[in-house]
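The values are calculated or read from the model by the stated rules, or taken from the named source; none is laboratory data. Source: prediction; values computed, not measured. Using ideal geometry, Cβ is built from the backbone for each residue, glycine included, and neighbour counts are taken over all protein chains shown. Areas reflect the complete protein model, heavy atoms only, side chains present, ligands, DNA and RNA absent. Shrake-Rupley method; radii C 1.70, N 1.55, O 1.52, S 1.80 Å.
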Amino acid sequence: MEASNILVGVVGKTNVGKSTFFAAATEVSVAIENRPFTTIEPNIGVGYVRKRCVHVELGLPKCDAVNSICLNGDRLIPVKMMDVAGLVPGAHKGRGLGNKFLDDLRRADVLILVVDASGSTDPEGVPVGPGSFDPVEEVESMISEIDEWMYGIISKDWDKFARTVDTGGVTDVAGAIAQRLSGLSIRKMHVASALEETGLSAKKLTTWSKEELRLFIKTLRKIAKPIVVAANKADIPAAEEGVKRLKEALEPRGIPVIPTSAVAELALRRAAKAGLIKYKPGDPDFKIVDESRLTRRQLEALEMIRERVLKKWGSTGVQQVLNTAVFDVLGMITVYPVEDANKYTDKQGRVLPDVLLVPRGTTVREVAYMIHTDLGKTFLYAVNAKTKRRIGESYVVQDGDVIKIVAAAAKR
Ligand SMILES: Nc1nc2c(ncn2[C@@H]2O[C@H](COP(=O)(O)OP(=O)(O)O)[C@@H](O)[C@H]2O)c(=O)[nH]1
Ligand SMILES: [Mg+2]
């Protein structure tokens, strides 16, 4: 997976707050000129993960963020997000807008499953009284739609594929499966893990039972399209019970559940952008800048967000969902490439201009390739700017590393 090429899909049934979540996550709360990447396609935008900027750890007064944003020591790093339209039960059979939307999912690396934790929408997305529907059932039904969709794609012509692999003397089975599934953003590493987890590595493909194929696909989905649940509408009192039930049912299965209030986050980001409050996405509270600039209604609305969301849950949850998806679930870490390992600057003298998101386990040579193919090809060695030590190509980069890469022909 390439740095900053991560695509986060926002999925769920209709009326749970997907678009509100997407709008909140892609709204930048500060006025900045060179916003890195703007909207690319109608339903694709840019959200940000938040992490303490390394300039703080290095004791520098500031940095000159270029490919990201630094807000008083918090680095906001862009990731692509996709607002996938509503999923209805039976979508994999073509119900609703069915497969068209499921097709959007092909490109996603991680899914944010937005559910109505307050239970106030029925399975078709029709509003009903709070607590009428069980959010756990909602999650099960959404996951089963996604699993069925993948099963439909992968099982198609499987027998023929299996025969080709088994009789064709293919030694790299994981590679062959991955190649077949490359359109689903599924990598060889994902396939290899799924084969191992299901104990199917050593079994000839043609001997897999239907159940084994099903288990394999379910496992592969969990690995290649992992899910984070945004237990939304947490500002509604009935959501308390819903969040509890979701956590109990899903966390033992390794699915993180984070209570969110997308409407609250959107309101806070807009108020911050308008200069009415001081608030950074993910903060546990906000500060009113000048009370006289707010109407009575605005003040009441802000106070309600403070009471019902921030004090109750610790934050609106939106930032936490993105951070969990990218840092915990996808296992991304941050690396800062520089030209000058003493001043931490690029060629133009800008301090720590870029930060890359790379998968844990990436080598410094792979980082060089991510920056530029030429840099990867002509790589000689690198310098760890924090320790000033020289490092070889096989050095595995660590979170927060600042690295200078030295190449033979430093063509960039
Ligand atoms: N109370 C509450 N309502 C929300 C929240 N997020 C979204 N909504 C409301 O739910 C309805 C559907 O929202 P929308 O984002 O269009 O849902 P989508 O169909 O899933 O994209 C709208 O009336 C939103 O204002 C939330 O966090 N809390
Ligand atoms: Mg929508």
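Quick rundown of the values:
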{"item": "Filter result (of a type in the set (A, V, I, L, M) and over 24 Å from Lys80 (Cβ atoms)) within region 339-370", "result": "Ala341, Val351, Val364"}
{"item": "Candidate set from region 270-287 (those that are in contact with a Leu (Cβ under 8 Å, 6 or more places away or on another chain) and surrounded by fewer than 17 Cβ atoms within 10 Å (Cβ to Cβ)); member that is farthest from Lys51 (Cα to Cα)", "result": "Asp285"}
{"item": "Matching residues, region 155-179, being surrounded by fewer than 17 Cβ atoms within 10 Å (Cβ to Cβ) and under 30 Å from the mean Cα position of the chain (by Cα)", "result": "Ser155, Lys156, Asp172, Gly175, Gln179"}
{"item": "Test: Asp401 is under 14 Å from Tyr336 (Cβ atoms), open to solvent by less than 20 Å² (accessible area, probe 1.4 Å), modelled with pLDDT of 95 or more and of a type in the set (D, E, K, R)", "result": "yes"}
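Yes or no, residue by residue, for (1) under 30 Å from Glu248 (Cα atoms); (2) in contact with a helix residue (DSSP H, G or I) (Cβ under 6 Å, 6 or more places away or on another chain); (3) not small (Gly, Ala, Ser):
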residue: Lys80; (1), (2), (3): no, no, yes
residue: Gly119; (1), (2), (3): yes, yes, no
residue: Val139; (1), (2), (3): yes, no, yes
residue: Ile143; (1), (2), (3): yes, no, yes
